[in-house]
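Reviewing the structure listed below.
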Amino acid sequence: MIDRKKIKIMLVDDEPAILKMEKEALQPLGITLIEASSGVEAIKKIAAEKPHVLFLDLVLPDMTGESIVKFVKSSESLKDVSVIVVTGKEDKDTIERCYRSGCDGYVTKPINPDALAQKVLLALSEKGIELEE
């Protein structure tokens with residue numbers, strides 16, 4: 001069992017409304033939430049914070065989510081971060097592109113708060129992490 005406050009979840013999206021929705025969905029879990037609204041900011045914070053799970057918008061103003069996934073998965077110290085892409089695109093090509101770039105999961109907008117929380121719990125469980133009650 002691990003203290004909930006030690007679990008770091010990072011939310012990356014350039015839309016403040018989406019970040020707010022994600023935060024509201026995940027705050028009840030009592031985990032540490034880190035935010036970024038651009039690719040450059042995200043890369044800096046990912047490297048510094050080493051989150052357990054990263055929810056990543058596919059389309060950012062300064063770089064693609066795919067390039068961030070590749071950065072994370074090619075880094076020895078970050079490759080174990082679970083990367084879940086969050087996007088409004090549901091077409092087969094986009095989904096395949098996400099998985100080819102190395103993402104671990106996929107969530108579509110509009111976001112279902114319960115599904116988002118379940119994705120976190122599943123990603124942590126796959127790492128052998130169970131939260132204290």
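The values are calculated or read from the model by the stated rules, or taken from the named source; none is laboratory data. Because the structure is predicted, anything quoted here is derived from the model rather than measured. Glycine gets a Cβ as well: all are built from the backbone with ideal geometry, and neighbour counts include every protein chain shown. Ligands, DNA and RNA are stripped out before the accessible areas are found, and what is left, the full protein with its side chains, is counted by its heavy atoms. Shrake-Rupley method; radii C 1.70, N 1.55, O 1.52, S 1.80 Å.
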**Study point:** Inter-residue pairs, beta-carbon under 7 Å, first closer than 16 Å to Phe71 by Cβ and small (Gly, Ala, Ser) and in region 90-103, second in a helix (DSSP H, G or I) and open to solvent by 70 Å² or more (accessible area, probe 1.4 Å), 6+ apart
**Key:** Ser101/Lys70; Gly102/Lys70
Check your understanding: Taking the condition assigned to a helix (DSSP H, G or I) and either over 22 Å from Glu76 (Cβ atoms) or at pLDDT below 95 (or both), does Lys20 pass?
Key -> yes
Review point. Condition test on Asp104, is it under 10 Å from the mean Cα position of the chain (by Cα), modelled with pLDDT under 95 and buried (at least 18 other Cβ atoms within 10 Å of the Cβ)?
Key: yes
Practice item. Sort through Ala42, Ala17, Ala36, Ala25 and tell me the only one that's aliphatic (A, V, I, L, M) and either without any contact (Cβ under 8 Å) to a residue 24 or more places away in the chain or surrounded by fewer than 16 Cβ atoms within 10 Å (Cβ to Cβ) (or both). Key: Ala17
**Study point:** Enumeration of residues in region 1-23 that are in contact with a Phe, Trp or Tyr (Cβ under 6 Å, 6 or more places away or on another chain) and farther than 20 Å from Ile68 by Cβ
**Key:** none
Review point. Can you find even one residue in region 62-70 that is under 11 Å from the mean Cα position of the chain (by Cα) and surrounded by fewer than 21 Cβ atoms within 10 Å (Cβ to Cβ)?
Key: no
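Rundown of residues vs (1) touching a Lys or Arg at 6+ places or on another chain (Cβ under 9 Å); (2) over 17 Å from Val12 (Cα atoms); (3) open to solvent by 10 Å² or more (accessible area, probe 1.4 Å), yes/no style:
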| position | (1), (2), (3) |
| --- | --- |
| Leu56 | no, no, no |
| Ser75 | no, yes, yes |
| Asp80 | yes, yes, yes |
| Glu90 | no, yes, yes |
| Glu96 | no, yes, yes |
| Thr108 | yes, no, yes |
| Ile111 | no, no, yes |
Check your understanding: For Ala123, are the conditions met, namely being open to solvent by less than 60 Å² (accessible area, probe 1.4 Å), in contact with a helix residue (DSSP H, G or I) (Cβ under 8 Å, 6 or more places away or on another chain), touching a residue at least 60 places away in the same chain (Cβ under 8 Å) and aliphatic (A, V, I, L, M)?
Key -> no
Practice item. For Lys79, indicate whether it is under 16 Å from Gly105 (Cα atoms) and of a type outside the set (Val, Ile, Thr). Key: yes
